[in-house]
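We did not get these values from a lab; they are worked out from the coordinates using the rules stated. It should be emphasised that the depicted structure is a prediction, and the values quoted were computed from it without experimental measurement. Here the Cβ is made from the backbone with ideal geometry for all residues, glycine too, and neighbour counts use every protein chain on show.
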Amino acid sequence: MEWSACKNGVLQSPVDLSSQRVKIVNKAGELKKTYKPCDAILRNRGHDISLKWHNCDAGLININGTEYSLQQVHWHSPSEHTINGARYALELHMVHHSTDPNFNHSVAVIGLLYKLGAPDAFLSKLITNVTSMADEMQEREVGVIDPNMIGIDGKKYYRYIGSLTVPPCTEGVIWTMNKIIRTVSIDQVLALRLAVHDYAESNARPVQPLNHRQIELHNPN
């Protein structure tokens, strides 16, 4: 991948979600989301495994009155974002695009972090297909997949302005990182890694400088 466009940015992702840097927002601001089951395709993109909804509407999120439709999810292992310097076993990104392409912040990503533990139910539904696609740049229809199975907690989350974490590293992305840490089994993590093992065993970009950006922690009382 071409990383040259990523070197000059000042709003790059991922970042460390440090307790010393965050601004606490106590008022209720629950994430407005309406997802629905939709046909999906699982893809081995070489650098990651992605699940893309196609030919149907998988739903959307609403941020400050702007609607962003869900396009795809993909996984990074280990995690890209860290919390107080701690890196987690896995990170999932839900990528949404604004219905208005001229809007400054046309991409919104919801991120979830996972520690090792009980299997993740959403991945369990896909894991057989993931393992059978190992090392092949291919795609496969996997039928109707419900994004609600991912299990977002919409009440407590970090919010900041950053970038895509792969080239072209486009800035202006609205990041929403779930505060609740979910669990994933070691077998599930290994399956995702083995499927793209030609990609240096890790498909996680290092943490980038915050450069005086503000990180909000929505943590209602």
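Quick check on ASN104: is it surrounded by fewer than 20 Cβ atoms within 10 Å (Cβ to Cβ), in contact (Cβ under 8 Å) with a residue 60 or more places away in the chain and of a type in the set (S, T, N, Q)?
On the way: surrounded by fewer than 20 Cβ atoms within 10 Å (Cβ to Cβ): yes; in contact (Cβ under 8 Å) with a residue 60 or more places away in the chain: yes; of a type in the set (S, T, N, Q): yes.
Yes: the conditions hold for ASN104.
Evaluation of GLN188 against the conditions (1) touching a Pro at 6+ places or on another chain (Cβ under 9 Å); (2) buried (at least 18 other Cβ atoms within 10 Å of the Cβ); (3) in a loop (DSSP other than H, G, I, E, B) shows that the sole unmet condition is (3).
Inside the range 13-27, can you point out the residues that are touching a residue at least 12 places away in the same chain (Cβ under 8 Å) and either buried (at least 18 other Cβ atoms within 10 Å of the Cβ) or not basic (Lys, Arg) (or both)? Steps first, please.
Looking only at the range 13-27, we keep the residues that are touching a residue at least 12 places away in the same chain (Cβ under 8 Å), and these are 13-19, 21-27.
Of everything in the range 13-27, those that are touching a residue at least 12 places away in the same chain (Cβ under 8 Å) and either buried (at least 18 other Cβ atoms within 10 Å of the Cβ) or not basic (Lys, Arg) (or both) turn out to be SER13, PRO14, VAL15, ASP16, LEU17, SER18, SER19, VAL22, ILE24, VAL25, ASN26.
Candidates in the range 139-165 are the residues that are out of contact with any Leu (no Cβ under 9 Å at 6 or more places or on another chain) and farther than 21 Å from TYR114 by Cα; of these, the one that is surrounded by the fewest Cβ atoms within 10 Å (Cβ to Cβ) is GLY143.
Starting from the range 136-152, keep only residues that are in contact (Cβ under 8 Å) with a residue 12 or more places away in the chain, then list their pairs with residues that are of a type in the set (Val, Ile, Thr) whose Cβ atoms are within a distance under 6 Å, requiring at least 6 positions of separation or different chains. Sorted first by the residue in the range 136-152, then by its partner, the pairs are GLU139/ILE41; GLU141/ILE41.
Residue under question is HIS105, and the condition is that it be over 26 Å from ARG21 (Cα atoms) and not hydroxyl-bearing (Ser, Thr, Tyr); does it hold? I'd like the intermediate steps shown before the answer.
Values: over 26 Å from ARG21 (Cα atoms): no; not hydroxyl-bearing (Ser, Thr, Tyr): yes.
Against the criterion (over 26 Å from ARG21 (Cα atoms) and not hydroxyl-bearing (Ser, Thr, Tyr)), HIS105 does not qualify.
When the range 99-120 is filtered for residues that are part of a loop (DSSP other than H, G, I, E, B) and in contact with a Lys or Arg (Cβ under 8 Å, 6 or more places away or on another chain), only ASP120 remains.
Is it true that THR183 is over 19 Å from LYS52 (Cα atoms), among the β-branched types (Val, Ile, Thr), buried (at least 16 other Cβ atoms within 10 Å of the Cβ) and in contact with a strand residue (DSSP E or B) (Cβ under 9 Å, 6 or more places away or on another chain)? Give the derivation first.
Working: over 19 Å from LYS52 (Cα atoms): yes; among the β-branched types (Val, Ile, Thr): yes; buried (at least 16 other Cβ atoms within 10 Å of the Cβ): no; in contact with a strand residue (DSSP E or B) (Cβ under 9 Å, 6 or more places away or on another chain): yes.
So THR183 does not fit the description; no.
For the range 121-139, the set of residues classified as within 12 Å of ARG45 (Cβ to Cβ) and assigned to a loop (DSSP other than H, G, I, E, B) consists of MET133, GLU136, MET137, GLN138, listed by residue number.
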